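Here is the structure we will look at.
The values are calculated or read from the model by the stated rules, or taken from the named source; none is laboratory data. Note that this is a predicted model, so its numbers are computed, not measured. Reconstructed Cβ throughout: ideal geometry from the backbone, glycine too, with neighbour counts over all protein chains shown. We work out accessible area using only protein heavy atoms, side chains counted, and drop any ligands, DNA or RNA first. Shrake-Rupley method; radii C 1.70, N 1.55, O 1.52, S 1.80 Å.
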Amino acid sequence: MSRRNISNKHKILPDILYNSELVSKFINLLMWDGKKSIAEKILYKSLDLIELKCNDNKIKLLELAINNVKPIVEIKKRRVGGTTYQIPIEVKPIRANTLAIRWIIYSARKKSNKNMIFNLTNELLDSINNKGLSVKKRDEVHKIANANKAFAHYRW
């Protein structure tokens, strides 16, 4: 019998401006060194710029960008008999959202431009159009998972 405690999921409060948990999650992952107000400014200004360029609702565009980057499967490493296998595993929806947001933020930070607002805006626009580094990352993960389908029976 396991003595391990089951952790309770922390409920994320929706943000003040849009009353959306997705925006709040995005802000929390974008935050650096606990500076939440700066992360809010960056995200809100980039959403305003996206709305100007696309002439659509900000939240719908953010959801579309995240849905285009969400992975369906991911790779977990399992050690079986002295050999490490990369096993494809289906991703739960909450983890898929988190991975998509994390990849978008990482690829925005990786761009050479100094201004994070424009970097994030460009990355969100690229992911809306199924382009950019974050969509490329998702495609790479899917390709690796497809190549390692033969090891799916090691999943437990």
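Here the alpha carbons of region 65-155 define both size measures, Rg and Dmax, at 15.1, 49 Å. Each peptide in 95-104, 52-61 receives the mean, over its residues, of other Cβ atoms within 10 Å, and ordering these scores from highest gives 95-104, 52-61.
Against the chain, whose longest principal axis is taken from its Cα atoms, helix 58-69 shows a tilt of about 30°. In this structure the chain gives 68 Å² per residue of accessible area when probed at 1.4 Å with all protein chains present.
Mind jotting down the distance between the C-alpha centroids of region 118-133 and region 1-40, whole Å? Taking the Cα centre of region 118-133 as reference, the centre of region 1-40 is 23 Å away.
Modelled spin-label separation between Leu52 and Leu29, with each label point placed 7 Å from Cα along the Cα-to-Cβ direction: 2.6 nm. Given (i) 16.2, 50; (ii) 17.8, 57; (iii) 16.9, 53 as candidate values of Rg and Dmax of the Cα atoms in Å, which corresponds to the one derived from the coordinates? Step by step, Rg and Dmax of the Cα atoms in Å for this structure corresponds to label (ii). Where is the GNM fluctuation largest for the chain (alpha-carbon springs, 10 angstrom cutoff): Asp48, Asp126, Asp33? Looking only at Asp48, Asp126, Asp33, the biggest GNM fluctuation is shown by Asp33.
Taking a straight line from the alpha carbon of Lys53, these aspartates and glutamates sit under 19 Å away, with near neighbours fewer than eight places off in the same chain left out: Glu63, Glu123, Asp126.
GNM on the chain, alpha-carbon springs under 10 angstrom: the most fluctuating residue among Lys70, Lys110, Lys136 is Lys110.
Its Cα gyration tensor gives region 30-106 an equivalent ellipsoid, and the semi-axes of that ellipsoid, as √(5λ) in whole Å with the largest first, are 34, 16, 8. If one takes the longest principal axis of the Cα atoms in the chain, at what angle in degrees, from 0 to 90 and to the nearest 10, does the Cα axis of helix 132-147 lie? It is inclined by approximately 10 degrees. Near Lys58, once Lys and Arg are set to +1 and Asp and Glu to -1 for all other residues with Cβ below 14 Å from its Cβ, the sum equals -3. Here the chain has 52 percent of its accessible surface on carbon and sulfur atoms, given a 1.4 Å probe and all protein chains in place.
Among the listed pairs Lys9/Lys45; Lys25/Lys114; Lys41/Lys70; Lys45/Lys143, which are separated by more than 28 Å between their Cα atoms?
In this structure, Lys9/Lys45; Lys45/Lys143 lie more than 28 Å apart at Cα.
Axis of helix 93-110 versus longest Cα principal axis of the chain: the two differ by about 60°, to the nearest ten degrees.
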